[in-house]
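Presented below is the structure to which this report refers.
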Amino acid sequence: MAETLSVPHFRIYNSDDVLGVEIGGALKNVLAIACGNFDGRKLGDSARAALTTRGFAELTRFGRKLGRGPKR
């Protein structure tokens with residue numbers, strides 16, 4: 001299904017890690033709220049980009065600590 005729905009500008013990925021996807025989906029919403037706060041305070045695109053970059057790095061580290069992520 002992912003292959004059928006994917007197009008060059010919209011890619012869909014498969015994962016067997018359902019819990020990891022659920023955790024990532026929930027935590028990215030916290031990051032989105034923080035980005036909205038940055039926008040509301042008019043801190044600029046660079047500040048929001050830094051928050052997003054650092055935020056996703058921390059979300060990845062958190063997920064790995066919980067044993068989630070790609071199988072090696």
How do the peptides 61-67, 6-12, 49-55 rank, highest first, by the average count of neighbouring beta carbon atoms within 10 Å per residue? 49-55, 61-67, 6-12
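Probe radius 1.4 Å, ligands and nucleic acids ignored: give me the carbon and sulfur share of the accessible area of the chain as a rounded percent.
Using a 1.4 Å probe with all protein chains present, the chain comes out at 61 percent carbon and sulfur.
With a 1.4 Å probe and all protein chains left in place, how much accessible area per residue does the chain have, in Å²? Before the final figure, lay out each step's value.
Values: 6080 Å² over 72 residues.
In whole numbers, the chain has 84 Å² accessible per residue.
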Once you keep just the Cα pairs under 8 angstrom separated by 6 or more residues, what percentage relative contact order results for the chain? 32
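Quick check: residue separation of Met1 and Ile33 times 0.36 nm, minus the Cα distance between them. What number comes out in nm? Let's see the in-between values first.
On the way: separation 32, 0.36 × 32 = 11.52 nm, distance 3.06 nm.
Taking 0.36 nm per residue and subtracting the Cα distance, the gain is 8.5 nm.
Taking the square root of 5 times each eigenvalue of the Cα gyration tensor, what semi-axes in Å does the equivalent ellipsoid of the chain have, largest first? Kindly include the intermediate steps, with their values, before the conclusion.
Working: eigenvalues 134, 64, 21 Å².
Here the semi-axes work out to 26, 18, 10 Å.
The values are calculated or read from the model by the stated rules, or taken from the named source; none is laboratory data. For clarity, every value in this text was computed on a predicted model and none was experimentally measured. In this analysis, Cβ positions are derived from the backbone assuming ideal geometry, glycine residues included, and neighbour counts consider all displayed protein chains. To get the accessible areas, we keep the full protein, side chains included, count just its heavy atoms, and leave off ligands, DNA and RNA. Shrake-Rupley method; radii C 1.70, N 1.55, O 1.52, S 1.80 Å.
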